[in-house]
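K.L.:
Structure in structure tokens, see below.
The values are calculated or read from the model by the stated rules, or taken from the named source; none is laboratory data. Treat the numbers as computed from the prediction; the structure is a model and nothing was measured. Please note: Cβ atoms are built from the backbone with ideal geometry, for glycine as well, and neighbour counts cover all protein chains shown.
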Amino acid sequence: MELLSEDQQLIADSAAGFLRDGHGIAAFRALREVGDDANSAILADLAEMGWMGIVIPEALGGVGLGYRAAGLIAEELGRNLTVSPFVSSAILAGTALASAGGDLAQNWAPKIATGDAVVALAMDEAAKHRPERIATAVTGAPGALKLNGRKTYVVDGGVADRLIVTAKRGDDLCLVMCDPLAVGVTRAPQVMLDHCNTAAVIFEDVEIAGADILAQGAAADQILAKTLAAGRAIAAAEQLGVAKAAAEQTYDYLRTRKQFGVLIGQFQALQHRAADLYCELAQVSSLIAAALNALDEDSAEVETLTRAAKAKMARVGRQATEEGVQMHGGIGMTDEMDLGLLMKRDRALTEFLGDAGYHTEWILRQRGI
Amino acid sequence: MDIDTFRSETRAWLEVNCPAEMRTPMGEDDICWGGRKFVFRSPAQKQWLEAMAAKGWTVPAWPKSYGGGGLSGDEQKILAEEMQRINARPPLQSFGIWMLGPALLQFGSEEQKRHYLPLIARGEIRWCQGYSEPGAGSDLAGLQTKGVDRGDHFEVTGQKIWTSYADKADWIFCLVRTEPEEKKHTGISFLLFDMESAGVSTKPIKLISGASPFCETFFDGVKVPKDQIVGARGQGWTIAKYLLTHEREMIGAADSALFAKSDLAADALAAIGLDDTGRLDDPMLRAEMGQFLVDELCFDAHLDMTGAYMRAGHELGARSAELKYLGTELNKRRQSLRVAAGGSDDLVWEGAANDAGQAAKDWLRSKANTIEGGTSEVMLSILSKAVLKLPG
């Protein structure tokens with residue numbers, strides 16, 4: 001029931017077409033087979049279509065089509081389990097750089113848009129997403145700055161050309177642009193359950209130039225808030241695609257699988273659960289669209305809607321994938337079926353940028369309880 | 001007219017024509033239902049209705065020739081926004097606007113549209129809906145009220161139940177079996193008649209909330225002239241289903257007339273207070289409330305998107321079942337959380353202290369939400385077949 005502009009409809013159609021043909025779940029399985037968790041080969045195509053610069057303004061080498069359009073791409077990426085640095089580099093780093101402006105943005109945003117560089121955001125320091133808890137620190141006098149700390153679950157951190165690292169400088173938040181090949185940086189690659197690239201990164205007395213600091217203090221707070229809001233809405237859109245894929249496979253199964261001499265879709269117990277899932281997917285689609293529109297309009301509701309979208313999608317994504325496996329029965333547990341792959345990606349996207357509990361807590365606080 | 005001009009003119013017109021008393025929060029008793037028996041609560045309420053009806057803005061989307069405003073989708077949105085901006089109350093709410101009107105626009109003859117629609121738009125006739133029967137609830141098409149062909153009229157005999165506000169309504173739109181030889185779904189006709197006709201009687205049903213919004217309605221040989229049939233003989237079920245999609249949209253939209261939206265968080269804070277970490281001093285209720293608040297944001301966004309979709313000229317069709325299911329299940333949770341937060345204060349049934357137990361009465365009333373207009377289970381069955389195309 002979504003009303004899209006002509007541009008947005010074109011994006012949605014071309015994303016669906018491009019990803020279905022050659023970048024679908026079969027392609028994901030092939031990457032998994034050879035242990036490629038970054039799929040760097042797709043980057044040139046994504047850049048060519050303008051996707052890597054989708055939220056980067058034209059002045060910085062992007063196409064500036066906005067977050068709603070980006071969400072349509074993310075949904076198709078999710079539906080096809082396409083591995084790419086879209087969320088990390090195009091959305092998180094793209095938003096951070098575009099919001100910050102300055103020399104670093106002039107230098108790196110165009111490279112993100114052309115696919116010549118991948119930039120990742122290093123913010124989490126513990127198993128649960130708490131971006132406000134930062135022990136990583138920038139210390140020392142100007143001219144002799146050092147970065148020390150450790151980050152975990154840096155999505156696309158294993159293949160990034162630069163990391164945007166959240167750190168404290170005194171009491172201030174500081175966003176530092178760091179070369180992962182610099183002396184003192186150690187990247188530990190990790191094999192993840194959803195076969196997407198992440199790294200744990202350790203920074204030991206890494207030398208930082210003043211020019212490497214993207215923002216500090218109140219400016220950094222604002223940039224990080226906008227970046228996380230954008231990432232959450234886009235991650236939710238990707239998770240929506242994953243959930244819709246699981247649901248559609250399940251509805252198909254209900255229409256074709258026979259037991260007790262009848263199609264199992266004739267059983268009311270299953271019909272009602274399938275219809276409930278359909279309703280939940282319909283309403284969470286609207287919430288995600290509203291969150292993305294809020295980002296495009298820079299409205300006062302950005303924080304509330306992006307967090308609500310992330311929280312709600314975590315619940316609906318779990319429902320879609322769990323119901324999918326259960327309604328498929330034993331076959332749903334096999335690696336040969338795609339449901340398990342969707343369930344794993346859904347699980348990862350729930351943790352990425354904060355789960356339902358984390359964001360619901362924020363909304364309760366905001367309401368004063 | 002360009003859209004900015006429309007907004008500024010609308011704003012100026014509302015400023016002049018909406019009385020100050022019609023810009024304050026309203027309770028259920030403040031709803032203007034219209035009709036022959038309606039007693040206005042204040043001169044301002046009457047003035048507001050008449051001013052809006054003269055513009056056609058009680059039904060802004062309907063064509064002007066039928067008493068509507070003839071507004072485009074964008075203009076409707078602006079009118080709604082400008083009314084919301086000054087907290088203007090809806091000038092008129094009725095089943096005529098929500099349900100019968102859309103059905104007449106779709107299926108009525110030109111003569112019927114010109115006769116009935118302006119009466120609805122001006123709030124002169126209040127309608128009730130004769131659908132459910134004692135033996136035909138969820139299985140609505142099993143209805144047995146019969147209409148016997150007597151040449152120039154049908155003679156209607158039978159019983160309806162759960163007829164909302166039948167005792168206050170002027171006319172009824174009623175499903176009647178006029179073709180007994182036909183199959184279940186093709187033997188029904190859609191008739192309109194005056195509740196003051198000889199042979200009509202009503203009896204209110206007292207509910208668990210103490211209120212009596214529903215009636216039993218009896219027909220004993222009621223004469224209904226044949227020009228008061230909408231559509232063709234035997235086409236009633238098609239019209240009924242179309243009308244039900246509008247009823248479900250209405251019930252699904254939680255901000256409809258039936259419930260005041262309370263501020264749950266503020267109520268809970270006042271009743272329970274905070275613990276020393278600054279959180280509501282009831283962790284389990286708080287967690288449940290958190291999930292509810294997220295779901296409420298979600299449904300509100302869905303209503304917004306759906307509204308825009310419909311203003312762009314799309315019909316919801318079977319997807320009205322989706323709004324009905326989500327909206328009513330959500331409202332039941334809202335009302336349960338409200339009384340849970342209110343604790344024993346909300347057990348008090350009479351007296352001024354807690355508005356005569358309004359929270360508990362709303363909580364009880366809300367239990368009907370997932371039954372009336374088709375149960376949640378009927379909604380899920382409709383969606384599984386009409387939208388998901390699961391086998392029957």
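K.L.:
Please pick out the residue among B:Leu293, B:Leu243, B:Leu264, B:Leu323 that is in contact with a strand residue (DSSP E or B) (Cβ under 9 Å, 6 or more places away or on another chain) and at negative phi. Before the answer, list the steps.
P.N.:
Details: B:Leu293 fails: in contact with a strand residue (DSSP E or B) (Cβ under 9 Å, 6 or more places away or on another chain); B:Leu264 fails: in contact with a strand residue (DSSP E or B) (Cβ under 9 Å, 6 or more places away or on another chain); B:Leu323 fails: in contact with a strand residue (DSSP E or B) (Cβ under 9 Å, 6 or more places away or on another chain).
The match here is B:Leu243.
K.L.:
I've got another one for you. Let me spell it out: the conditions are (1) in contact (Cβ under 8 Å) with a residue 60 or more places away in the chain; (2) on the phi > 0 side of the Ramachandran plot; (3) surrounded by fewer than 22 Cβ atoms within 10 Å (Cβ to Cβ), and A:Glu303 meets all of them except one. Which number is the exception?
P.N.:
(2)
K.L.:
Filter the range B:138-154 for residues that are of a type outside the set (Lys, Arg) and surrounded by fewer than 17 Cβ atoms within 10 Å (Cβ to Cβ); which is nearest to the chain's Cα centre (by Cα)?
P.N.:
Within the range B:138-154, the subset of a type outside the set (Lys, Arg) is B:138-145, B:147-149, B:151-154.
Adding the requirement that they be surrounded by fewer than 17 Cβ atoms within 10 Å (Cβ to Cβ) leaves B:138-139, B:142, B:144, B:148-149, B:151-152.
Numbers: B:Ser138: 18, B:Asp139: 21, B:Gly142: 24, B:Gln144: 25, B:Val148: 31, B:Asp149: 32, B:Gly151: 35, B:Asp152: 33 Å.
It comes out as B:Ser138.
K.L.:
Go through A:Val138, A:Val154 for me and flag whichever is out of contact with any helix residue (DSSP H, G or I) (no Cβ under 9 Å at 6 or more places or on another chain) and in a strand (DSSP E or B). Can you show your working first?
P.N.:
Details: A:Val154 fails: out of contact with any helix residue (DSSP H, G or I) (no Cβ under 9 Å at 6 or more places or on another chain).
That would be A:Val138, the only listed residue that is out of contact with any helix residue (DSSP H, G or I) (no Cβ under 9 Å at 6 or more places or on another chain) and in a strand (DSSP E or B).
K.L.:
Here is a follow-up. If we only count strands (runs of 3 or more DSSP E) wholly inside the range A:159-211, which ones have 2 or more residues that are of a type outside the set (Lys, Arg) and under 26 Å from A:Arg32 (Cα atoms)?
P.N.:
Details: elements: A:162-169, A:172-178, A:185-190, A:198-208.
Result: A:185-190, A:198-208.
K.L.:
Could you grab the pairs with beta carbons closer than 7 Å, sequence gap of 6+ or different chains, first residue in the range A:263-275 and facing another protein chain (nearest Cβ under 7 Å), second one part of a helix (DSSP H, G or I) and among the basic types (Lys, Arg)?
P.N.:
Qualifying pairs under 7 Å: A:Leu263/A:Arg255; A:Gly265/A:Arg255.
K.L.:
If you scan the range B:356-392, which residues turn out to be touching a Pro at 6+ places or on another chain (Cβ under 9 Å) and away from chain A (no Cβ under 11 Å)? Please lay out each step first, then the result.
P.N.:
Just the residues of the range B:356-392 that are touching a Pro at 6+ places or on another chain (Cβ under 9 Å), to begin with: B:365, B:368, B:385.
Those that are touching a Pro at 6+ places or on another chain (Cβ under 9 Å) and away from chain A (no Cβ under 11 Å): B:Arg365, B:Ala368.
K.L.:
While we're here: Out of (1) more than 25 Å from B:Tyr165 (Cα to Cα); (2) free of Cβ contacts under 8 Å to residues at least 24 places away in the same chain; (3) of a type in the set (Ser, Thr, Tyr), what's the single condition that is false for B:Thr24?
P.N.:
(2)
K.L.:
Additional query: If only one of A:Ala282, A:Ala291 is part of a helix (DSSP H, G or I), more than 7 Å from chain B (Cβ to nearest Cβ), small (Gly, Ala, Ser) and within 30 Å of A:Val55 (Cα to Cα), which one is it? Break it down into steps so the answer makes sense when it comes.
P.N.:
Numbers: A:Ala282 fails: more than 7 Å from chain B (Cβ to nearest Cβ).
On inspection, the qualifying residue turns out to be A:Ala291.
K.L.:
With part of a helix (DSSP H, G or I) and either free of Cβ contacts under 8 Å to residues at least 40 places away in the same chain or crowded, with 18+ Cβ neighbours inside 10 Å (or both) as the only criterion, which of A:Leu65, A:Leu19, A:Leu81 stands out? Walk me through how you get there before you give the answer.
P.N.:
Numbers: A:Leu65 fails: part of a helix (DSSP H, G or I); A:Leu81 fails: part of a helix (DSSP H, G or I).
Step by step, each of A:Leu65, A:Leu19, A:Leu81 is checked, and only A:Leu19 is part of a helix (DSSP H, G or I) and either free of Cβ contacts under 8 Å to residues at least 40 places away in the same chain or crowded, with 18+ Cβ neighbours inside 10 Å (or both).
K.L.:
Next question. Could you say whether any residue in the range A:334-354 is facing chain B (nearest Cβ under 9 Å) and either touching a residue at least 12 places away in the same chain (Cβ under 8 Å) or not in a helix (DSSP H, G or I) (or both)?
P.N.:
First, pick out the residues of the range A:334-354 that are facing chain B (nearest Cβ under 9 Å): none.
Within the range A:334-354 (the criterion being facing chain B (nearest Cβ under 9 Å) and either touching a residue at least 12 places away in the same chain (Cβ under 8 Å) or not in a helix (DSSP H, G or I) (or both)), the answer is no, since none of the residues qualifies.
K.L.:
Pull up the range A:253-262, narrow it to residues that are assigned to a helix (DSSP H, G or I) and within 10 Å of chain B (Cβ to nearest Cβ), then point me to the one that is nearest to A:Glu322 (Cα to Cα).
P.N.:
Taking the range A:253-262 and keeping what is assigned to a helix (DSSP H, G or I), we get A:253-256.
Okay, now just the ones that are also within 10 Å of chain B (Cβ to nearest Cβ), so A:254-256.
Details: A:Leu254: 15, A:Arg255: 18, A:Thr256: 20 Å.
Restricting to residues being assigned to a helix (DSSP H, G or I) and within 10 Å of chain B (Cβ to nearest Cβ), the top hit is A:Leu254.
K.L.:
Okay, next question. Residue under question is B:Gln335, and the condition is that it be over 24 Å from A:Tyr278 (Cβ atoms) and within 19 Å of the chain's Cα centre (by Cα); does it hold? Quick ask: steps written out before the conclusion?
P.N.:
Numbers: over 24 Å from A:Tyr278 (Cβ atoms): yes; within 19 Å of the chain's Cα centre (by Cα): yes.
Yes: the conditions hold for B:Gln335.
K.L.:
Also, quick follow-up: Would you be able to say whether some residue in the range A:53-71 is under 26 Å from A:Gln190 (Cα atoms), outside the structural domain of A:Ala247 (by TED's automatic domain parsing), under 17 Å from the mean Cα position of the chain (by Cα) and not acidic (Asp, Glu)? It would help to see each step written out before you state the result.
P.N.:
At the first step, the residues of the range A:53-71 found to be under 26 Å from A:Gln190 (Cα atoms) are none.
No: zero hits.
K.L.:
Might you check whether a residue that is at pLDDT below 95 and closer than 26 Å to A:Ile73 by Cα occurs anywhere in the range A:168-191?
P.N.:
Just the residues of the range A:168-191 that are at pLDDT below 95, to begin with: A:188-191.
Okay, now just the ones that are also closer than 26 Å to A:Ile73 by Cα, so A:191.
Among the residues of the range A:168-191, at least one is at pLDDT below 95 and closer than 26 Å to A:Ile73 by Cα, which makes the answer yes.
K.L.:
Determine whether B:Ala240 is in contact (Cβ under 8 Å) with a residue 12 or more places away in the chain, assigned to a loop (DSSP other than H, G, I, E, B) and of a type in the set (A, V, I, L, M).
P.N.:
On the way: in contact (Cβ under 8 Å) with a residue 12 or more places away in the chain: yes; assigned to a loop (DSSP other than H, G, I, E, B): no; of a type in the set (A, V, I, L, M): yes.
Here the answer is no, as B:Ala240 does not meet what is asked.
K.L.:
Related question: Which of the numbered conditions does B:Ile205 fail, given that it passes all the others? Conditions: (1) closer than 24 Å to B:Tyr116 by Cβ; (2) β-branched (Val, Ile, Thr); (3) within 20 Å of the chain's Cα centre (by Cα).
P.N.:
Of (1) closer than 24 Å to B:Tyr116 by Cβ; (2) β-branched (Val, Ile, Thr); (3) within 20 Å of the chain's Cα centre (by Cα), only one is false for B:Ile205: (1).
K.L.:
Identify, please: which residue in the range B:77-104 is among the aliphatic types (A, V, I, L, M) and either under 30 Å from B:Ser8 (Cβ atoms) or in a loop (DSSP other than H, G, I, E, B) (or both) and is, among those, nearest to the chain's Cα centre (by Cα)?
P.N.:
So the residue we want is B:Ile97.
K.L.:
I want to confirm something. Restricting to the range B:268-298 and keeping residues that are more than 10 Å from chain A (Cβ to nearest Cβ) and more than 15 Å from A:Gln366 (Cα to Cα), which single residue is nearest to the chain's Cα centre (by Cα)?
P.N.:
B:Glu288
K.L.:
Working carefully through the options B:Met26, B:Met1, B:Met52, find the one that is part of a helix (DSSP H, G or I) and not acidic (Asp, Glu).
P.N.:
The match here is B:Met52.
K.L.:
Let me ask you something else. For the range B:305-329, give me each residue that is under 22 Å from B:Gly373 (Cβ atoms), surrounded by fewer than 19 Cβ atoms within 10 Å (Cβ to Cβ) and at the interface with chain A (Cβ under 7 Å from one of its Cβ atoms).
P.N.:
The one that is under 22 Å from B:Gly373 (Cβ atoms), surrounded by fewer than 19 Cβ atoms within 10 Å (Cβ to Cβ) and at the interface with chain A (Cβ under 7 Å from one of its Cβ atoms): B:Tyr309.
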